[in-house]
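Structure first, commentary second.
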Amino acid sequence: MPPYDDDQTMPDTKGQSLPLACPIDGPLAPCTIVIFGASGDLTARKLIPALYNLFLNRTLPEPFAVIGCARTELDDSLFREKLRQGCAEHSTHDLSHWPEFARRIHYKAVDYQSRDSLNELATFLRRQDARSGTGGNRIFYLATPPNVYATVAEHLGLTGLTAEEQDGNGWARVVIEKPFSFDLDSAVSLNRTLGRSFAEKQIFRIDHYVAKETVQNLLMFRFANAIFEPLWNRNYIESVSITAAETIGVEHRAGYYEQSGVLRDMFQNHMLQLLAMTAMEPPSRFAADHVRDEKVKIFRSLRPFPVDRLDDLLVLGQYQAGHIGGQPCRAYRDEPGVSPESVTPTFAIMKVYIENWRWQGVPFYLASGKRLPRKVTRISIRFRKIPHSMFRNVLQGDAPANQLILGIQPEEYIALSFQTKNPGAKVCLRTVRMDFDYLRDYTGPGLDAYEKALLDCIQGDHMLFWRQDGVELCWAFMMPVINACEQCSDPAGRLKPYPAGTWGPAETGRLIKDSLLWGD
Ligand code: BG6
């Protein structure tokens, strides 16, 4: 039984009542979530805390089961205990209901390279279905290193588990974590392999940025209000900056990050998704493929990056030793697992143009970096200045342009700056800010990005997931830039150092002023 009774509240351990979360459309179909890579970081840090919170919030289907798969031999109780510890370490969830949740978790050791092993898994899952009543509906979550995605998908196809409504199967879905491959060729090849086992409608390519509340809100803000959209174009907007600053460094992920760098890690996916949601045309309906069609049109309209003029439009950086919040940080090249001669960029800013009627000539600045002074993800719309100032005779200088800031994280807000008269006898203007805090007047619980993505996958809603054409178009846009940087005669020379705890290399100032990117 779920840990709550039928009224709309759930007792917590202190005898108070927690509100029930997240109304959803109708009951969800029972299902099993099969996690490959179950002994990894993603499972412990994100997936299990997200599933547990959905369970606490009474949002998971009933019945449901979680089957962890990895190479190591483990029994259910040891696996459950590892997950409980992960949940305690990586979340603040109340664990008093953990035992009820844990009863639904099982473990099956799987050798991804072996067809026999996957066949054994198929038998295990069918038995499991019969025991728990999950009806053969399954989500296969690939939380493995990307180099085994193709093998797992192929072997799953051969077991027959991916064929829907056959042999005791209900629906079958696969969730793929980023990175979706390493470059355009490998993305095309992975998509082809996935396509042999799954139809596109069964594939959910996750981008946790798109599942963030404030990113989803972009579409509501733009298309559920009449007053912004008329201004949302080249006639009124001078530039757009999309920034994602992180304080963390490479952490324990050097093996992956050394190969990837910031352009593959953040730009090919998250940054281009934010760009598409900021720039896309209004879809005619709020439906997954209508929205994804509009995003794809933006990806198709990106002006190819002029690789012979890279320095005019791109700055790459790598963090050096420095301090953040008074704490010393080592240089990227001194991080465990990083080559002392590494030329992997940890910071980039790109100036990008969209070639269409709405955005012709408007620069979009995309910037992201590790070891910057504070965590901030935001989209800033800088409007054009007023065409003529009647205050020129009484004011020094021009009236500053209006700015709209969409704070994505950690502060979730919308702020509009405009000019007002300063109170008093003397005529002078001041810039003021009208702020909306996203959580103001909201007392219910929220869904974090992984909770939202998992829930949508259970519901079969593709809205927040990448479609194959989008993935390939974004790789096609990024590859010339990545190749030009990696294959140039002096990749080290292109990489500008910046001390940890600063806003990236000084050369960024060539493209745009710091305050426009990160705020004052
Ligand atoms: C991941 C990247 O996709 O996003 C990481 O691989 C990055 O390098 C992370 O740190 C940032 O996510 P968030 O949600 O913390 O902004």
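Values in this text are rule-based calculations from the coordinates and carry no lab data. Since the model is a prediction, treat every value here as computed from it, not as a measurement. Heads up, the Cβs are rebuilt from the backbone with ideal geometry, glycines too, and the neighbour counts pull from every protein chain shown.
Details
- Packing here is the average count of other Cβ atoms within 10 Å per residue, and on that basis the peptides 458-465, 219-226, highest first, run 458-465, 219-226.
- Counted by neighbouring Cβ atoms within 10 Å, the residues Trp475, Trp357 run from fewest to most as Trp357, Trp475.
- Model label sites at Asp312 and Asp461, defined 7 Å from Cα along the beta-carbon direction, differ in position by 4.4 nm.
- DSSP beta bridges confined to the chain are antiparallel in about 55 percent of cases.
- In the range 250-354, the GluC sites (Glu not before Pro) that fall in loop regions by DSSP, at most 15 other Cβ within 10 Å: Glu251, Glu341
- Derived scalar couplings ³J(HN,Hα) [the range 187-198; Karplus, 6.51 cos²θ - 1.76 cosθ + 1.60; whole Hz; x for Gly, Pro]: 5, 5, 5, 4, 4, 5, 4, 4, x, 6, 9, 10
- Here the spin labels are modelled as points 7 Å beyond Cα on the Cα-Cβ line, and at Ser114 and Asn483 they lie 4.1 nm apart.
- Highest to lowest packing among 317-324, 128-135, scored as the average C-beta count within 10 Å: 317-324, 128-135
- A straight line joining the Cα centroids of the range 28-56 and the range 63-101 runs 9 Å.
- Using the Cβ-Cβ distance between Phe223 and Val188 with R0 set to 30 Å, the FRET efficiency works out to roughly 0.40.
- Calculated FRET efficiency for the pair Val394/Ser132, C-beta based, R₀ 51 Å, to 0.05: 0.10
- Remark: the range 39-46, residue by residue, has Karplus-estimated 3J(HN,Hα) of 8, x, 4, 4, 4, 6, 7, 10 Hz, where x stands for each Gly or Pro and the curve is 6.51 cos²θ - 1.76 cosθ + 1.60 at θ = phi - 60°.
- The range 61-215 - Rg over Rh from alpha carbon coordinates, Kirkwood radius: 0.97
- For the chain, the square roots a ≥ b ≥ c of the C-alpha gyration tensor eigenvalues yield an a/c of 1.5 or more together with a/b exceeding b/c, which makes the shape prolate.
- Modelled spin-label separation between Ser96 and Ser515, with each label point placed 7 Å from Cα along the Cα-to-Cβ direction: 5.0 nm.
- The range 186-248: C-alpha gyration tensor shape, a/c 1.5 cut-off, then a/b vs b/c: prolate
- The range 363-381 versus the range 445-477: alpha-carbon centroid distance in Å: 22
- The range 378-520: C-alpha gyration tensor shape, a/c 1.5 cut-off, then a/b vs b/c: oblate
- Taking a Cβ cut-off of under 12 Å around Arg131, the surrounding Lys, Arg, Asp and Glu residues balance to a net charge of +3, with basic ones at +1 and acidic ones at -1.
- The stretch between Tyr256 and Asn233, if pulled fully straight at 0.36 nm per residue, gains 4.4 nm over its current Cα-Cα span.
- Centre separation in Å (Cα based) which lies between the range 297-330 and the range 216-249: 21
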